[in-house]
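Asks: Here it is: the structure, laid out below.
The values are calculated or read from the model by the stated rules, or taken from the named source; none is laboratory data. All values derive from a computational prediction rather than experimental measurement. Cβ placement follows ideal geometry from the backbone for every residue including glycine, while neighbour counts extend to all protein chains displayed.
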Amino acid sequence: MKMNVYQEISQIIKEADGILIGASNGLSIAEGYNIFADDAWFQENMGDFREKYGLRCVLHGFSVPMKVEEKWAFVSRLVKAKAMQDEPSEIMKNIYALERV
């Protein structure tokens, strides 16, 4: 019975024009990226902002007043580190694989 459900879901996915995955910060936390944490990654990658502005997490960096140039430096460093340099996690690879089902 269970296999029939999976086969049915697989068929629905194959026939869909697209898939929209709604996920909040739980998905990023599951792959080791926590925007709420003052963890080793944040301290290593954003330590200068942490020290200068008293930031305690990535999310905090978006709410603290900064000069425009510094805000863009913060955002661009975050994008570079998390979107351009990190390899996709197994979770993201599995989600991407749904596209090829």
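Asks: If you check every pair at least six apart or on different chains, which have Cβ atoms under 7 Å apart with a residue in the stretch 28-52 that is closer than 18 Å to I91 by Cβ first and a residue that is among the charged types (D, E, K, R) second?
Replies: What qualifies is Y33/K82.
Asks: Counting just the residues of the stretch 26-61 that are exposed (fewer than 15 other Cβ atoms within 10 Å of the Cβ), among the aliphatic types (A, V, I, L, M) and within 13 Å of the chain's Cα centre (by Cα), which one comes out nearest to F74 (Cα to Cα)?
Replies: So, considering only residues that are exposed (fewer than 15 other Cβ atoms within 10 Å of the Cβ), among the aliphatic types (A, V, I, L, M) and within 13 Å of the chain's Cα centre (by Cα), the one nearest to F74 (Cα to Cα) is L59.
Asks: Taking the condition loosely packed, with under 13 Cβ neighbours inside 10 Å, at pLDDT 90 or above and under 17 Å from the mean Cα position of the chain (by Cα), does A23 pass? Quick ask: steps written out before the conclusion?
Replies: Values: loosely packed, with under 13 Cβ neighbours inside 10 Å: yes; at pLDDT 90 or above: no; under 17 Å from the mean Cα position of the chain (by Cα): yes.
Against the criterion (loosely packed, with under 13 Cβ neighbours inside 10 Å, at pLDDT 90 or above and under 17 Å from the mean Cα position of the chain (by Cα)), A23 does not qualify.
Asks: Residue under question is A73, and the condition is that it be among the hydrophobic types (A, V, I, L, M, F, W, C), assigned to a helix (DSSP H, G or I) and more than 13 Å from the chain's Cα centre (by Cα); does it hold? Spell out how you get there, then give the answer.
Replies: Numbers: among the hydrophobic types (A, V, I, L, M, F, W, C): yes; assigned to a helix (DSSP H, G or I): yes; more than 13 Å from the chain's Cα centre (by Cα): yes.
Yes.
Asks: Within the stretch 85-94, does at least one residue satisfy the condition of being of a type outside the set (D, E), in a loop (DSSP other than H, G, I, E, B) and surrounded by fewer than 12 Cβ atoms within 10 Å (Cβ to Cβ)? Even if it seems obvious, please write down each step before you answer.
Replies: Going residue by residue through the stretch 85-94, those that are of a type outside the set (D, E) are 85, 88-89, 91-94.
Still in the running and in a loop (DSSP other than H, G, I, E, B): 88-89.
Next, only the ones that are surrounded by fewer than 12 Cβ atoms within 10 Å (Cβ to Cβ) stay: 88.
For the stretch 85-94, residues of a type outside the set (D, E), in a loop (DSSP other than H, G, I, E, B) and surrounded by fewer than 12 Cβ atoms within 10 Å (Cβ to Cβ): present.
Asks: A follow-up question, please. Is it true that some residue in the stretch 2-11 is touching a residue at least 60 places away in the same chain (Cβ under 8 Å) and surrounded by fewer than 14 Cβ atoms within 10 Å (Cβ to Cβ)? Show your work before the answer.
Replies: Quick first cut of the stretch 2-11, residues touching a residue at least 60 places away in the same chain (Cβ under 8 Å) only: 10.
Filter once more, so that each one left must be surrounded by fewer than 14 Cβ atoms within 10 Å (Cβ to Cβ): 10.
Looking through the stretch 2-11, at least one residue is touching a residue at least 60 places away in the same chain (Cβ under 8 Å) and surrounded by fewer than 14 Cβ atoms within 10 Å (Cβ to Cβ).
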